[in-house]
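Here's the structure we're looking at; comments come further down.
The values are calculated or read from the model by the stated rules, or taken from the named source; none is laboratory data. This is a predicted model, so every value here is computed, not measured. Positions of Cβ are generated from backbone atoms using ideal geometry, with glycine treated the same way; all protein chains shown enter the neighbour counts.
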Amino acid sequence: MTARPRLRILCFGDSLTAGYASWGAIHHPYNEMLESMLSMAFPDLKIVTAEDGLSGATVKHGFQTRMNAQFLAPRKKKDDDDEEGGKRYDWTIVLGGTNDLGMGFSPEQIFESLQEVWNVPLAHKCKVLALTVPEAGIKGKIRERIDAKRDKLNALIKGYKREGFHVFDLNKAVPYWSMTETDRAKYWDDHLHFTPDGYDLIGNKVGMALVSLLATEKANDPQRPQKRRRLFRGDDKPFDEEAGDPAAIDQGYVVVRRVDLE
């Protein structure tokens, strides 16, 4: 029996990757939900995730050493989930910068260090999904300063371009201040960390982003066999509702034919 192909994903970062909650009494990393989602989306793949989150870690001090250990350090033993063809992981998801901002490092300093961290997996033919830094529930004048620095850092992350490098805007996907009080109580544990439900929400959001990237990658694979197009009665018939301005919501319907989906 042929073994299923594997997709190996490293989730790397600080306490937000480790799933820190309830002042450290609970750890519920988002990679658990991520793995579940990807397994449902791609049942033909064996999804293997690894979590390397360290509470209190900063991008400036520690991330580089740990990332090197993930890709350069020799394995103690080989098993079925070990590297194939020199690739230890297919994707690395990186989330970091929250602690650096709190310690006073500038967005430019953090971004420079992030690039060095991203370079490690990219050099090993491993794609990178960088997550933007989420909000913090800090009040008062300090909020304006921290928000401005976070916005600058996130803009630098989103503006970075390199082959194999992708970005998911976690800051926008899981906000703090624009959530309802009910949702905030459900998903946020304190002003920096999430509840187990919150980490599951992150896994869900990141999972959807990665599913989309993988689906696009698969569709653009030149070795993928082309599916023969089937024609059905009416596929070439124009609909009256298709006339008008497609940007105007009050003019007609959105029509999708079966042929458009193939």
Based on this model, can you work out whether residue 12 counts as of a type in the set (Phe, Trp, Tyr), touching a strand residue (DSSP E or B) at 6+ places or on another chain (Cβ under 9 Å) and either free of Cβ contacts under 8 Å to residues at least 40 places away in the same chain or farther than 14 Å from residue 210 by Cα (or both)? yes
Please specify each residue of the range 122-145 satisfying the condition of being closer than 20 Å to residue 173 by Cα and crowded, with 17+ Cβ neighbours inside 10 Å. 128, 129, 130, 131, 132, 133, 134, 135, 136
Checklist (1) part of a helix (DSSP H, G or I); (2) out of contact with any strand residue (DSSP E or B) (no Cβ under 7 Å at 6 or more places or on another chain); (3) touching a residue at least 12 places away in the same chain (Cβ under 8 Å); (4) surrounded by fewer than 19 Cβ atoms within 10 Å (Cβ to Cβ) applied to residue 151, failing item: (3)
Selection within the range 30-70 - under 21 Å from residue 170 (Cα atoms) and hydroxyl-bearing (Ser, Thr, Tyr): 30, 36, 49, 55, 58
Read through the list (1) of a type in the set (Phe, Trp, Tyr); (2) more than 24 Å from residue 49 (Cα to Cα); (3) assigned to a helix (DSSP H, G or I), then give the number of the only condition that residue 118 fails. (2)
Confirm whether residue 53 is more than 21 Å from residue 213 (Cα to Cα), surrounded by fewer than 23 Cβ atoms within 10 Å (Cβ to Cβ) and touching a residue at least 12 places away in the same chain (Cβ under 8 Å). yes
What residue, of 95, 54, is at pLDDT 95 or above and either farther than 16 Å from residue 203 by Cα or of a type in the set (D, E, K, R) (or both)? 54
Just wondering, is there one or more residues in the range 71-85 that are modelled with pLDDT of 95 or more and either under 21 Å from residue 168 (Cα atoms) or exposed (fewer than 13 other Cβ atoms within 10 Å of the Cβ) (or both)? no
Can you pull out every residue in the range 8-43 that is among the hydrophobic types (A, V, I, L, M, F, W, C), under 26 Å from residue 218 (Cβ atoms) and not in a helix (DSSP H, G or I)? 9, 10, 11, 12, 42
Neighbours by Cβ (under 9 Å, 6+ apart or cross-chain): first from the range 190-203, of a type in the set (D, E, K, R); second surrounded by fewer than 19 Cβ atoms within 10 Å (Cβ to Cβ) and part of a loop (DSSP other than H, G, I, E, B): 190/137
Given the criteria out of contact with any helix residue (DSSP H, G or I) (no Cβ under 7 Å at 6 or more places or on another chain) and surrounded by 15 or more Cβ atoms within 10 Å (Cβ to Cβ), does residue 36 qualify? yes
When restricted to 183, 221, the only residue assigned to a helix (DSSP H, G or I) and at pLDDT 70 or above is 183
Tell me whether the range 128-146 contains one or more residues that are in contact with a strand residue (DSSP E or B) (Cβ under 7 Å, 6 or more places away or on another chain), outside any helix (DSSP H, G or I) and more than 21 Å from residue 192 (Cβ to Cβ). yes
